[in-house]
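Structure first, then comments.
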Amino acid sequence: MSRPDSSSSVSQGQPPRELEQPLLPGAMLGVLGGGQLGALFAMAARRMGYRVTVISDAADVPAARQADRVEVVDYRNVEQLAAVAASVDAVTFEFENVPAEAGRAMAAVTRVHPSPDVLATTQDRGREKAFLSRHGFATTPYRLITSRAELLTAAEALGLPSVLKTASCGYDGRGQLRLSDRSQLDAAWESLGADRLVLEAWVDFTMELSVVVARGGDAATASFAPSHNAHARHILDVASCPAPVSEEIAAQAQDMASRIAAALGLVGVACVEFFLTRDGRLLVNEIAPRPHNSGHLTIEAAATSQFEQQVRAVCGLPLGATDQMSPAAMANLLGELWSDGEPDWAAALAVPGVRLHLYGKASARPGRKMGHLTACQPSVEAAIAAVTEARRRACRQPLSVPLTVE
């Protein structure tokens, strides 16, 4: 298969001196983590003829249902992780909050993509923002906080309102607080309970965008078109593509994502989240060194899904084309939908063009991502309407907490 052309937003960089030999179908791929991203990666890999070992700290996980083999390992047990890694041909990640030492132990015995250094940079907000600033990428103004006194000084410098976040292990709104008054600072310091925090200035932005980008070991990159992300209660609610931005902004976001991947030395897939400010500037919010919730719509809408792209990059195969086949939208299905029993999937799937993806999680709880809906339609507005209407029909009763978009 030929390498994608320029219409797929592909750029060529300087390849490393020694390239790894491609891993061909039949090889055993290891994925660290057992959640839905691991399950969707395993489905893409097995469809292409690869075998998959899921490496998880629990046995009953979504990815286990799609795997050839499951290894239950404590992520802190580097010796056991290294032993499992020695039995596979490559390892990749479905989430980044694992000790970097675990990645280094596995990298000593097999190829690991993304590299442990990429994990170490992106799993800590302080290191990530320092990396971005060092390479000239605009971010929200921030200060690293290691004491109560530093928090007071930073709040004075950045002003209020601002957002206080844990440096690591925060996602879907967890581990962060919006501060609007100095009287909140002491309680916020106590509440988050971490010794490394990041205070970010409040950004007046019009929307959040995300770009999923892949980079191969030969330094070729391929980025998907930006998605527009609408959130409810700090959790991604609906992602849609194409985003309602100019061609110039879309191209700028894709170019920045590709340059960030190159600066990281990424081999694999990453998602770069951006804030688009009211004066038209793109600020990098976060980097996730893996496939992303906002990229799920690529399964139906793009020539190559983000998960197949991850397989290709990790295995040293040519990256796939990222052309979008039609406008699309994705709506998350959170545990609230199960509050009155199993949702009415027949009613949801009666909406033309809607596709259902359930992750097979053992139990539903509020805020937990249980699945998603996608739709491809002639317009992005029609796609958004389809997935939101299907989700509404799936509810057997009105939700106790409405899914209002922030």
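Quick notes
- Out of Leu164, Leu152, one residue alone is surrounded by 17 or more Cβ atoms within 10 Å (Cβ to Cβ) and either in a loop (DSSP other than H, G, I, E, B) or without any contact (Cβ under 8 Å) to a residue 40 or more places away in the chain (or both). It is Leu164.
Table: residues versus (1) out of contact with any Asp or Glu (no Cβ under 8 Å at 6 or more places or on another chain); (2) surrounded by fewer than 16 Cβ atoms within 10 Å (Cβ to Cβ); (3) modelled with pLDDT under 95; (4) not assigned by TED's automatic domain parsing to the domain that holds Gln21.
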residue: Pro289; (1), (2), (3), (4): no, no, no, no
residue: Gly320; (1), (2), (3), (4): no, no, no, yes
residue: Val354; (1), (2), (3), (4): yes, no, no, yes
residue: Pro366; (1), (2), (3), (4): no, yes, yes, yes
residue: Gly371; (1), (2), (3), (4): yes, no, no, yes
residue: Thr374; (1), (2), (3), (4): no, no, no, yes
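- Residue count for region 225-267, restricted to those that are of a type in the set (Lys, Arg) and either modelled with pLDDT of 95 or more or assigned to a helix (DSSP H, G or I) (or both): 1.
- Residue in region 162-174 that is among the aromatic types (Phe, Trp, Tyr) and modelled with pLDDT under 95 present: yes
- Residue match in region 243-252 (condition: closer than 23 Å to Glu94 by Cβ, buried (at least 20 other Cβ atoms within 10 Å of the Cβ) and in contact (Cβ under 8 Å) with a residue 24 or more places away in the chain): no
- For region 356-373, the candidate set comprises residues that are in a loop (DSSP other than H, G, I, E, B) and of a type in the set (A, V, I, L, M); within that set, the residue that is nearest to Gln66 (Cα to Cα) is Ala362.
- Within region 175-211, tally of residues that are surrounded by 12 or more Cβ atoms within 10 Å (Cβ to Cβ), modelled with pLDDT under 95 and among the charged types (D, E, K, R): 3
- Out of Gly193, Gly175, sole residue that is free of Cβ contacts under 8 Å to residues at least 12 places away in the same chain and either farther than 27 Å from Ser258 by Cα or of a type in the set (Lys, Arg) (or both): Gly193
- In the set Asp117, Asp89, only one residue is of a type in the set (D, E, K, R), surrounded by fewer than 17 Cβ atoms within 10 Å (Cβ to Cβ) and within 21 Å of Glu20 (Cα to Cα); that residue is Asp117.
- Condition met for Gln80 (crowded, with 17+ Cβ neighbours inside 10 Å, free of Cβ contacts under 8 Å to residues at least 12 places away in the same chain, assigned by TED's automatic domain parsing to the domain that holds Gly265 and in contact with a strand residue (DSSP E or B) (Cβ under 9 Å, 6 or more places away or on another chain)): yes
- Being surrounded by fewer than 18 Cβ atoms within 10 Å (Cβ to Cβ), among the small types (Gly, Ala, Ser) and either at pLDDT below 95 or under 30 Å from Gln252 (Cα atoms) (or both) holds for only one residue in Gly13, Gly26, Gly103, Gly49, and it is Gly13.
- Summed over region 325-341, the residues that are farther than 14 Å from Thr374 by Cα, surrounded by fewer than 17 Cβ atoms within 10 Å (Cβ to Cβ) and at pLDDT 95 or above give a count of 1.
- Only a single item in (1) aliphatic (A, V, I, L, M); (2) surrounded by 15 or more Cβ atoms within 10 Å (Cβ to Cβ); (3) touching a residue at least 40 places away in the same chain (Cβ under 8 Å) is not met by Ala362, and it is number (2).
- Verdict on Glu300 being surrounded by fewer than 19 Cβ atoms within 10 Å (Cβ to Cβ) and on the phi < 0 side of the Ramachandran plot: yes
The values are calculated or read from the model by the stated rules, or taken from the named source; none is laboratory data. The structure presented is a predicted model; accordingly, all values stated were derived computationally and were not measured. A quick note on method: Cβ atoms are made from the backbone with ideal geometry, for glycine too, and the neighbour counts reach across all protein chains shown.
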